[in-house]
1. Please give the Cα centre distance for region 142-179 versus region 47-122, rounded to the nearest Å.
2. Once amide H atoms are placed 1.01 Å from N in the peptide plane, what residues at a sequence separation of 5 or more from Leu152, or on another chain, have their amide H within under 5 Å of its amide H?
3. When only DSSP loop residues count, what trypsin sites (Lys or Arg not before Pro) in region 61-144 have their Cβ near at most 16 other Cβ atoms within 10 Å?
4. Multiplying the sequence separation of His150 and Val61 by 0.36 nm and subtracting their Cα-Cα distance, what value in nm do you get?
5. I'm checking a number: the convex hull volume of the Cα atoms of region 56-95, normalised per residue, in Å³. What is it?
6. Calculate the all-directions average of the projected area of region 31-185's alpha-carbon convex hull, and give it in nm².
7. Would any residue of region 147-165 have its amide N under 18 Å from a label point 7 Å out along Cα→Cβ of Ala45? List them or say none.
8. Starting with the fewest neighbours, write out Trp155, Trp143, Trp98 ranked by other beta-carbon atoms found within 10 Å of each beta-carbon.
Amino acid sequence: MSLSRASEPPPPTPSASAAFEEKGAGAFPRGAGLGAWFLLAVGVAGLGISVYLTTLHYAGVQPICTTGGFVNCQGVLKSQYSFVPGTSVPVTVPGMIWFIVSGALAAIAIRCARRGLLEPSWLRPVHVLWAAVGLASVLYFVWAELVQLHELCEWCTSVHVLVFLSLLVTLARLQTGRAVADAEEE
């Protein structure tokens with residue numbers, strides 16, 4: 001009798017997909033999680049700073065920040081590096097676009113999670129690429145501030161930190177997504 005039971009196949013173990021369906025959308029780590037909410041908050045904060053600096057530029061008003069010495073927002077914001085090359089458009093305008101797109105990508109993840117849907121497979125890799133483009137821009141601006149101007153803008157630095165944090169969080173979300181996909185295959 002024990003021999004016949006030993007030859008029987010073991011009972012099936014539930015897959016990750018079955019566990020997801022059984023426990024509900026919030027139990028599966030493929031949901032938006034805190035990372036997507038953080039990215040949305042970063043998008044809103046960065047957009048706010050970019051709108052503030054763009055408004056000041058067109059109004060001809062000085063920003064609330066340190067002037068003179070190494071930390072000199074006014075010097076940086078009036079330099080040739082504060083404009084899109086060959087135009088009179090301040091770099092804060094492409095910055096606004098970057099934060100809008102980054103926030104929209106995070107909002108897609110949040111919307112999918114709230115509806116109990118899996119995120120599109122392209123979402124996390126695209127967000128990482130977008131964050132990498134942002135970081136490349138940040139590295140250029142940090143080079144311009146430190147090497148060319150020998151001045152630093154605290155508003156610009158806050159935007160740089162937000163972009164860097166976005167890259168870190170998007171990379172973490174990408175890795176989490178891969179770990180979940182690997183668990184589903186097992």
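No value in this document is a laboratory result; all are computed from the given coordinates. Given the structure is predicted, the values throughout are model-derived calculations rather than measurements. All Cβ positions, even for glycine, are placed from backbone atoms using ideal geometry, and neighbour counts span all protein chains on display.
1. Result: 12 Å between the Cα centres.
2. Here the answer is Val71, Asn72, since their amide H atoms fall under 5 Å of that of Leu152.
3. Lys78, Arg115
4. Full-extension gain reported as 29.8 nm.
5. Expressed per residue, the convex hull around the Cα atoms of region 56-95 is 74 Å³.
6. With the hull built on Cα positions only, its mean projection is 9.9 nm².
7. From region 147-165, the list is 153-165.
8. Trp143, Trp155, Trp98
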